[in-house]
Amino acid sequence: FKKAFIFDLDGVIVDTAKFHFLAWKNLAESLNISFSEEENEQLKGVSRINSLEKILKWGNKTISEEKFNSLMAKKNEEYLSYVDNMSKEDILPGVLNTLEYLKENNYQVALGSASKNARRILNKVGLNSYFDHIVDGNEVSKAKPDPEVFLKGCDLLGVEPKDAIVFEDSQAGIKAANTAEMTSVGIGEESNLKEADFNFEGFSEINQETIQTLINFKK
Ligand code: G6P
Ligand code: MG
């Protein structure tokens, strides 16, 4: 049986993808690089450094290290200006119910996010206490699709990867979970997340019965 649940943050618990989108779009356009929803999709789950590298590659641009670092700082500053206006209302539908159910039933729960802002965001929306452990972008050296972030979560929770269920909205994250032989649950549009073991539009579709199905699933 599965024993532990690992949640990605951005796009799973809160809809911060729209804030990342705004900030990356402004940055890309300041460099004359076009940036649409399609590009944004490919940056989901991708670390801040790797995201900027990708954008520059799409635009065929090379810049100095100094400029690179100042652009990353600027992007994060704009992103945080949106984040700091977040509240409980920004928790995606159904998430709180699921977290409450897992807590009441003593399941182990961890956060596995590429974001260096994860703790700040959880604080903003008041969800810190639902997580037994938090692994975020400050603690990992290899970005998704490398499974390091989820493996660290399992280590901290004391469970085998095969006993963990991962909720993810990104292609990179689903890949990471699959590589580690965890059960992968895609949240969001199924066509973007074809490799997931299960797919749901969002947590509103997930009830106690669904959780039991995930727990009993053998990969
Ligand atoms: C998540 C998001 C990505 C973001 C990454 C790093 O995985 O899906 O879009 O680039 O976190 O976030 P950060 O808050 O550290 O810039
Ligand atoms: Mg995500």
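Read the figures in this text as sums done on the coordinates, not as results from a lab. As the structure is a prediction and not an experimental result, all values here were calculated from the model. Counting neighbours? That spans all protein chains shown, and the Cβs are built from the backbone with ideal geometry, glycine included.
Compute the long axis of helix 95-104 from its Cα atoms, compare it with the longest principal axis of the Cα atoms of the chain, and write down the angle in degrees, 0 to 90, nearest 10.
With both axes taken from Cα atoms, the answer is about 40 degrees.
Evaluate the charge dipole of the range 29-107 about its Cα centre and quote only its size in Debye, nearest 20, assuming +1 on the Cβ of each Lys and Arg and -1 on the Cβ of each Asp and Glu.
Magnitude of the dipole: close to 300 debye.
Which trypsin sites (Lys or Arg not before Pro) in the range 17-102 pass both tests, a DSSP loop state and at most 15 other beta-carbon atoms within 10 Å?
Loop-located and lightly packed - 61.
May I ask you to derive the FRET efficiency for residue 189 and residue 138 from their Cβ-Cβ distance with R0 = 45 Å, giving the value to the nearest 0.05?
Efficiency, rounded to the nearest 0.05: 0.95.
Can you figure out the FRET efficiency of residue 64 with residue 36, using R₀ = 22 Å and their beta-carbon distance, to the nearest 0.05?
Given R0 = 22 Å and the Cβ-Cβ separation, E is 0.25.
Using the beta-carbon distance between residue 215 and residue 123 and R0 = 30 Å, what value does 1/(1 + (r/R0)^6) give for FRET efficiency, to the nearest 0.05?
0.55
Within the range 136-207, which trypsin sites (Lys or Arg not before Pro) sit in a loop by DSSP and count at most 10 neighbouring Cβ atoms inside 10 Å?
194
In degrees from 0 to 90, rounded to the nearest 10, what is the angle of the helix 17-30 Cα long axis to the longest principal axis of the chain?
Approximately 20 degrees, to the nearest 10.
Tell me the angle of helix 48-58 to the major Cα principal axis of the chain, expressed in degrees between 0 and 90 and rounded to the nearest ten.
50
Return a whole-number percent for the relative contact order of the range 78-219, with Cα pairs under 8 Å and 6 or more residues apart as the contact set.
20
Amide H neighbours of residue 199 under 5 Å, at least 5 residues apart or on other chains, H built in the peptide plane: list them.
186
Just subtract the alpha-carbon distance of residue 97 and residue 53 from 0.36 nm times their residue separation and send over the number in nm, one decimal.
12.1 nm
Cross-link candidates for residue 103: which lysines have Cα within less than 16 Å, leaving aside residues fewer than 8 places away along the same chain?
Once the sequence-local lysines are set aside, what remains near residue 103 is 2, 3.
Mind scanning 25/162; 152/219; 18/124 and naming the pairs with a C-alpha gap bigger than 28 Å?
Result: 25/162 exceed 28 Å.
I need the chymotrypsin sites (Phe, Trp or Tyr not before Pro) found in the range 1-94, filtered to DSSP loop residues with at most 14 other beta carbons within 10 Å of theirs.
Hits after loop and neighbour filter: 1.
Farthest toward the dipole's positive end in the chain, which of 4, 199, 30, given Cβ charges of +1 (Lys, Arg) and -1 (Asp, Glu) about the Cα centre?
So the residue furthest toward the plus end is 30.
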